[in-house]
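Trainee: The structure that follows is given in the form of structure tokens.
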Amino acid sequence: MKSSFQSSVVNTLAITPTRDEAIARLAAFMPNVSGYAKGRNFDRPGNQAVSEASPFLRYRLVTEREVVESVLAEYSYESAEKFIQEICWRTYWKGYLEMRPGIWERYKVDNQALHDNLEVDLQNRLEKARRGQTGIDCFDDWVQQLVTTGWLHNHTRMWFASIWIFTLKLPWQAGAALFLEHLLDGDAASNTLSWRWVAGLHTRGKHYLARADNINRYTDGRYNPQGLLNESAAPLPPDGAFESVPFAKVALLRDVHLPSLSCCPAGLLVIPDDLTPESGELSETPFSSICVLSGNDVMDSFNASPKVRAFCEGAVADSADRLAAHWDGKVTECQGEVIPTVGRASPDNVGRRERMRVYGGSVNCWVDGVVTWARNEHLKSVWYLRPPVGPWGDAMDDLRSALKAQGIKVFEYRRRWDSLHWPHATAGYFRFKDGLQDRLNRLLG
């Protein structure tokens with residue numbers, strides 16, 4: 001049968017990983033916010049009911065706070081409630097995983113075990129699914145869309161995961177790994193926990209089953225896999241309890257914070273999980289040098305596709321240019337093993353007496369690249385927004401140890417948005433969203 005694949009995404013192949021693009025897309029979508037609730041579940045070509053903001057939010061080229069503020073500037077909370085709630089799902093997932101990092105650790109262990117002990121039959125079935133050769137037309141087309149564009153509609157992701165787990169009977173961990181490999185907006189929290197939710201592991205006994213009539217309805221009849229899906233499967237059995245742990249202690253910035261002279265020269269490390277520090281609490285803090293790098297080793301840790309790598313590297317390059325403009329600096333490009341030495345910060349400089357140096361690019365070993373930057377600049381302290389649980393977070397223990405071994409102080413911060421919302425991700429999303437409007441009122445005024 002000839003494939004009926006037609007991407008539901010507008011210009012995803014030509015997506016530009018910049019803040020300007022994020023803001024432009026948000027502005028173009030703004031007139032459609034009021035119709036979001038009615039049309040959001042439809043996966044159709046050119047669907048104007050979805051914002052396609054997720055790749056930009058994933059790297060915080062635009063922040064959740066900025067999106068919600070923009071929406072509330074034009075709509076009442078009630079008229080935009082569904083869209084705001086969907087934006088905050090990413091916040092909820094991050095908070096939930098931050099308190100239960102054991103879920104991420106278990107996922108990595110399980111994936112490695114699958115890789116090391118893969119039986120021939122399972123390997124063959126996984127390969128057929130990954131190549132889109134299952135014989136289920138909708139699923140096979142979605143595989144092609146995923147690999148080709150790096151994006152799938154959210155409803156389609158749910159159908160995909162359900163078919164993978166309950167019809168094809170494949171390990172959910174392998175499906176989550178496939179998504180993380182290819183999705184431009186893939187992050188550890190949203191991806192891992194969404195797959196667990198579909199499987200029935202996030203909310204005990206509650207799973208999601210893809211049904212042919214539902215797929216037929218919300219794809220406008222493009223697909224109708226009658227008789228091909230397991231529509232009566234039970235949830236996966238529980239895989240253990242994951243105890244909640246306290247949040248890591250970090251500083252919360254409220255006003256402009258000036259590094260003390262004992263910490264100068266001070267450098268700002270910008271981690272790919274949050275590429276817009278000039279928008280928010282650190283925007284007026286003076287620094288002597290800035291480092292914003294992607295790391296090939298970190299991308300290798302989850303087998304990132306060429307498209308995901310290119311998007312991340314493009315977002316990093318855009319961040320470096322913006323940070324240089326914001327802090328009146330100049331970008332020095334780093335590549336592979338090369339971290340140029342173009343100068344050193346003077347001890348009494350706090351970003352005002354000499355021109356800022358911004359180091360940007362992609363390096364082979366991220367921790368080594370950051371430490372080389374800090375050492376070359378003779379920094380006494382490095383500041384950063386602490387990354388959430390995930391691939392970049394996994395690298396932080398090594399980085400902290402390496403910087404401290406060089407006698408460089410480390411200062412970790414968290415955005416007020418995260419500090420306010422994450423502690424409420426204690427159970428299901430419905431409990432999280434119960435106080436969402438009140439929290440937004442307190443945060444945004």
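Trainee: Six or more apart or on different chains, Cβ under 6 Å: which pairs go from a residue in region 404-431 that's free of Cβ contacts under 8 Å to residues at least 40 places away in the same chain to one that's surrounded by fewer than 20 Cβ atoms within 10 Å (Cβ to Cβ)? Could you list them?
Mentor: Gln406/Arg375; Val410/Arg400; Leu420/Arg439; Leu420/Leu443
Trainee: Anything in region 336-379 that is within 18 Å of Ser288 (Cβ to Cβ), assigned to a loop (DSSP other than H, G, I, E, B) and modelled with pLDDT of 90 or more? List them, or say none.
Mentor: Glu377, His378, Leu379
Trainee: Here is a further query. Taking region 295-335 only, how many residues are buried (at least 19 other Cβ atoms within 10 Å of the Cβ), out of contact with any strand residue (DSSP E or B) (no Cβ under 7 Å at 6 or more places or on another chain) and in a helix (DSSP H, G or I)?
Mentor: 8
Trainee: For region 388-445, enumerate the residues that are among the β-branched types (Val, Ile, Thr) and closer than 27 Å to Glu69 by Cβ.
Mentor: Within region 388-445, Val389, Thr426 meet the criteria.
Trainee: Step by step: first the residues of region 178-219, then only those that are part of a helix (DSSP H, G or I) and aromatic (Phe, Trp, Tyr), then the one that is nearest to Gln144 (Cα to Cα). Which residue is that?
Mentor: The extreme case among them is Phe179.
Trainee: Could I ask something else about it? Take region 15-68 and flag every residue that is polar (S, T, N, Q), in contact (Cβ under 8 Å) with a residue 24 or more places away in the chain and farther than 26 Å from Pro388 by Cα.
Mentor: Selection gives Ser34, Asn41, Asn47.
Trainee: What number of residues within region 221-257 are farther than 21 Å from Gly205 by Cβ and modelled with pLDDT of 95 or more?
Mentor: Total satisfying the criteria: 8.
Trainee: Here are some residues: Phe42, Phe83, Phe29. Which one is at pLDDT 90 or above, hydrophobic (A, V, I, L, M, F, W, C) and under 30 Å from Asp137 (Cα atoms)?
Mentor: After applying the criteria, what remains is Phe42.
Trainee: Quick one: Leu275 ticks every box in (1) modelled with pLDDT of 95 or more; (2) at positive phi bar one, so which box is it?
Mentor: Only one criterion is unmet by Leu275, namely (2).
The values are calculated or read from the model by the stated rules, or taken from the named source; none is laboratory data. Quick caveat: nothing in here was measured; it's all calculated off a predicted structure. Backbone-built Cβ (ideal geometry, glycine too); neighbour counts: all protein chains shown.
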